[in-house]
Amino acid sequence: KGKMELPPRPTLFDFHGVSMTKYFTDNWENIQSFKARPDDILIATYPKAGTTWVSYILDLLYFGETDCRSSVPLQERVPFLEISVPSRPKGKDLADQLPTAPRLIKTHLPVQFVPKSFWEQRSRVVYVARNAKDSAVSYFHFGRMNRVQPEPGDWSCFLQNFMQGKMVFGSWYEHVNTWWDQKQTYSNLHYMFYEDLIEDSGQEISRLCCFLGLSPTAEQRELVQTKVTFDNMKQNKITNFSTVPMMNQSISPFMRKGRVGDWKNHFTVSQNEQFEEDYQNKMKNSALVFRNEI
Ligand code: A3P
């Protein structure tokens, strides 16, 4: 077989006021007219907040790990709605073709870009948020290893861009806040935090079950909790993205560290001071409180 040529790294452009790349806007009309169903579950996050982790938790809670599914990678079980990369299946089409009920669908779209039908059908939404500093670090390493992302440049340059919202899917600050605002008027939205999952995954899984109306047995729960630990997900080819050609895991593995506070190994003292000052300013009207360490 001939070697498949990988699509080039994209560049950012302004898309209705949000920095985006063509790999998430090329299929726009089809995405906007997506037909959601009342029992769909949308997993929404700013990139690197723990999307894969929560996707696998929900997948296991609903469907377990039956033999016929055990070789299907997570990115096919939980399609990425807006992705459209040449010579790969489009996320929207994978979502349309999902045989399961409920359908679990992943998105990084800012809330104003989410297809209307999710709100009209009153689909349930799980939003996961992660503190800004660890999100920035995780996004930086992700950019290095994943050709679907623009060239990240060096860390200090990347951090400036993060603060200015010059990232794919736009500003972290706007993303977490506008999704939080949405929760105030849309009751079928569960807003959760990566740091809480790290601190007590059992409790967060219970809260998820409560929101979704699920009551797993103690045995099922234990199985889920074991399967979704960082080490197990890192080893598991279903969840570690090892089958995705656009990712070069020898540069940085997808399952990289899985910790709260890794930012301390990246931010210099002055970067931290500047970041904090800018953060207080950008978040001054926000009710959200993030934990940068636990
Ligand atoms: P790091 O780069 O800090 O390690 P997403 O799935 O939204 O792209 O998020 C990826 C981040 O979540 C990565 O963070 C990854 O290691 C972390 N992650 C994935 N599964 C995890 C798990 N089971 N436990 C803790 N962190 C996990």
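The values are calculated or read from the model by the stated rules, or taken from the named source; none is laboratory data. These numbers were taken from a predicted model, which means no experiment stands behind them. Note: ideal-geometry Cβ built from the backbone for every residue, glycine included; neighbour counts use all protein chains shown. The area values use the complete protein model at the heavy-atom level, side chains included, leaving out ligands, DNA and RNA. Shrake-Rupley method; radii C 1.70, N 1.55, O 1.52, S 1.80 Å.
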(request) Taking the options Thr239, Thr217, name whichever one is open to solvent by less than 50 Å² (accessible area, probe 1.4 Å) and either at positive phi or at pLDDT 95 or above (or both). (result) Thr239
(request) Taking Asp231 as the residue in question, decide whether it is without any contact (Cβ under 8 Å) to a residue 12 or more places away in the chain and within 9 Å of the ligand (Cβ to nearest atom). (result) yes
(request) Answer yes or no: is there a residue in the range 218-227 that is closer than 24 Å to Ser70 by Cα, of a type in the set (Asp, Glu) and more than 14 Å from the ligand (Cβ to nearest atom). (result) yes
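Within the range 68-87, can one find any residue that is more than 19 Å from Ile238 (Cβ to Cβ), open to solvent by 60 Å² or more (accessible area, probe 1.4 Å) and polar (S, T, N, Q)?
yes
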(request) Hey, could you check the range 151-202 for residues that are free of Cβ contacts under 8 Å to residues at least 24 places away in the same chain, within 16 Å of the ligand (Cβ to nearest atom) and not in a helix (DSSP H, G or I) and say which is nearest to Asn281 (Cα to Cα)? (result) Pro152
(message) Quick check on this structure: which one of Ser19, Ser33 is in contact (Cβ under 8 Å) with a residue 60 or more places away in the chain and farther than 28 Å from Ser187 by Cα?
(response) Ser19
(message) Being within 19 Å of the chain's Cα centre (by Cα) and either away from the ligand (no atom under 12 Å from the Cβ) or touching a residue at least 40 places away in the same chain (Cβ under 8 Å) (or both): is that true of Phe241 here?
(response) yes
(request) Test Phe142 against the criterion of being open to solvent by 10 Å² or more (accessible area, probe 1.4 Å), of a type in the set (A, V, I, L, M, F, W, C) and within 16 Å of the ligand (Cβ to nearest atom), and give yes or no. (result) yes
(message) Condition first: crowded, with 20+ Cβ neighbours inside 10 Å and charged (D, E, K, R). Now tell me which residues in the range 88-117 satisfy that.
(response) Lys92, Arg103, Lys106
(message) Here is a list: Asp26, Asp39, Asp93. Which entry is away from the ligand (no atom under 13 Å from the Cβ), assigned to a helix (DSSP H, G or I) and either of a type in the set (D, E, K, R) or within 22 Å of Val224 (Cα to Cα) (or both)?
(response) Asp93
